[in-house]
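The values are calculated or read from the model by the stated rules, or taken from the named source; none is laboratory data. A quick note: this is a predicted structure, and the numbers were derived from the prediction, not measured. Every residue, glycine among them, receives a Cβ derived from its backbone with ideal geometry; neighbour counts consider all protein chains shown.
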Amino acid sequence: MATLQFKGKSAVWNHHLSVPYHTLEKDAKKSLKGTDAEENLIIEGDNLLALKSLLPKYQGRIKCIYIDPPYNTGNEGWAYNDNVNSPTIREWIGKVVGKDDLTRHDKWLSMMTPRLKLLRELLTDDGAIFVSIDNNEIHNLINLLNEVFGSDKFVGVFVWRKKEGGGQTDQYFVTEHEYIVVYKKTDSFKWLDEQIPQDGSAFSKSDKDGKYKAVKLAKWGSASRREDRPSMYFPLQAPNGKKVYPVAPDGSEGRWRVGQKRLEGLVTDGLVEWIKRDGKWIPYEKIYFEDGEVKVIKERSIIFDLAFTGDGTKELTELFGVKDFFENPKPSELIKYLLTYSTEKDSIILDSYAGSGTTAHAVLNLNKEDSGNRKFILVQLPEKIKEKSPAHQAGFKWVHEITQERVKRIIKNKKYKAGFSYYTLGSSIDAESILTGKLPTYKEFAKYVYYLATGKNHPDEKKIKEEDSFVGKTDHQSVYLIYEKNADALKKLAITLDWAQKTHKKDSDKKIVYAPACYLDDEALEQFNIKFVSIPYNLFERAT
């Protein structure tokens, strides 16, 4: 497979592994009470840090991801801000990417790479990611997704007609479309085509075995020629004993609709019906109607008249009473369309470029329509709003304020029962933070060490027992954490002989124990079946 090369690739390819885990701090004042409030999340903060912080709980649980990242047009004013340990990339930090920036595509790819890698980890095996993009980066995006997800995980590209008319400022011709690129995590993904139950009206014939329809077995034409499938051109014996071939009325040679072995089986099973027309015997396959039979209607790759950018603008105008409130918002109908065919009623949907909150709007409306119980997770960077914009004049200084307020207004205006929890990024859990005294709570730290030890999110947080230093259990080991959210206490905490003896009596299996220190020698550790991981120096060592 061809590989994509860009400046900074070697520095960012595994950057997601070194991104520190941050705690998520709930802001009760910005949250909204209601059903599923603890599962519908709005997170304020850098999406790279937020995605890493979601891993312990949501790894492998997100059914659908929709993102609308910067299109890198040169007019968006975005700047590269990831803390990557590379002299070249450090020169990029904080500098706005403009049209004349010769490295703007490199910067965009360096920004997207670690985020796509974390997004892939969050997806369920049968999940998929949808990425909105335009002509500026679609070629680079597809090449990058091929490397992160695998080229065989490419599902397709929707062409969305986003507007009618206008666009006379375009240089060559009016651009009316954008793209939505779709990749699946594994082959377990299924696009949920519309299925229409059949009443049997198309099965107009009947015999002792029931209602059936006759489908001609011969095919011909430009797509069904003998030369294209020679193995499917062979004789079939008619009722009068003569050999019949799949030949068109004009004498051109076609082919049978099924192979020779399958056709012989149809004959044996009595599923071939011969009809005489104009003195010639023509074979048909008898296809019987079965109760519960459905007709599958596949969607089209061109989304033509579903909804336009103007519809997204209108939605915000109606909610906030201000025109041109947000630049180029996606219409909720577009996102709802994608969710309809890619999620079940209890799926979790993630949008890590939440903007004005369109994805939550779509989730709430779809749940109302089909009595679903989908959950949403939105992540939005604290991005400043331009002072002269209508949103700023309406009292908003930051984009994340719009995200939260829109979701709140949708719920209240439409009298939905849903709620949400609002979170900000808290302190990081890494060696540097712990050494400087920025300490997480026991439960936050416990969830994280479980993830470090197992590579999985904690299955049941209620089983975390701080009084016993117990974090959780896997198939082959238990995880313990000796820790207090107190810098002075941490200096005195350690694995002692007394602690090891008491714990071993209750749990003789293999144990991985995170602690500030250990007073046991290697022989004692082996005796009590303990693997010691020190805090903070070996915090990121994963047990194997």
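Remarks
- Filtering LYS276, LYS286, LYS242 for residues that are more than 44 Å from the chain's Cα centre (by Cα) and closer than 27 Å to ALA202 by Cα leaves a single hit, LYS276.
- Segment 447-544 holds helices (runs of 4 or more DSSP H) entirely within its bounds, and those carrying 2 or more residues that are of a type outside the set (D, E, K, R) and crowded, with 17+ Cβ neighbours inside 10 Å map to 497-506.
- Restricting attention to segment 62-91, the residues that are aromatic (Phe, Trp, Tyr) and farther than 28 Å from LEU122 by Cα total 0.
- Restricting attention to segment 428-465 and to residues that are β-branched (Val, Ile, Thr) and more than 31 Å from the chain's Cα centre (by Cα), the residue that is farthest from HIS22 (Cα to Cα) turns out to be THR436.
- Matching residues, segment 248-270, being of a type in the set (Asp, Glu) and surrounded by 12 or more Cβ atoms within 10 Å (Cβ to Cβ): GLU253, GLU264
- Exactly one residue out of GLU299, GLU273, GLU285, GLU315 is surrounded by 14 or more Cβ atoms within 10 Å (Cβ to Cβ), over 18 Å from ILE133 (Cα atoms) and at pLDDT below 85, and it is GLU299.
- Within segment 125-153, the set of residues being among the polar types (S, T, N, Q) and either free of Cβ contacts under 8 Å to residues at least 60 places away in the same chain or assigned to a helix (DSSP H, G or I) (or both) comprises ASN135, ASN140, ASN143, ASN146, SER151.
- Residue, surrounded by the most Cβ atoms within 10 Å (Cβ to Cβ), within segment 435-446, restricted to residues that are out of contact with any Asp or Glu (no Cβ under 9 Å at 6 or more places or on another chain) and assigned to a helix (DSSP H, G or I): PHE445
- Hey, SER421 in a strand (DSSP E or B), within 32 Å of the chain's Cα centre (by Cα) and at pLDDT below 90 or not: no
- Among the numbered conditions (1) charged (D, E, K, R); (2) in a loop (DSSP other than H, G, I, E, B); (3) exposed (fewer than 15 other Cβ atoms within 10 Å of the Cβ), the only one that GLU432 does not meet is (2).
- When ALA362, ALA307 are screened for being crowded, with 18+ Cβ neighbours inside 10 Å, modelled with pLDDT under 90 and farther than 30 Å from GLY210 by Cβ, only ALA307 passes.
- Candidate set: segment 312-353, residues that are charged (D, E, K, R), more than 28 Å from ILE62 (Cα to Cα) and in a helix (DSSP H, G or I); chosen: the one farthest from the chain's Cα centre (by Cα): GLU318
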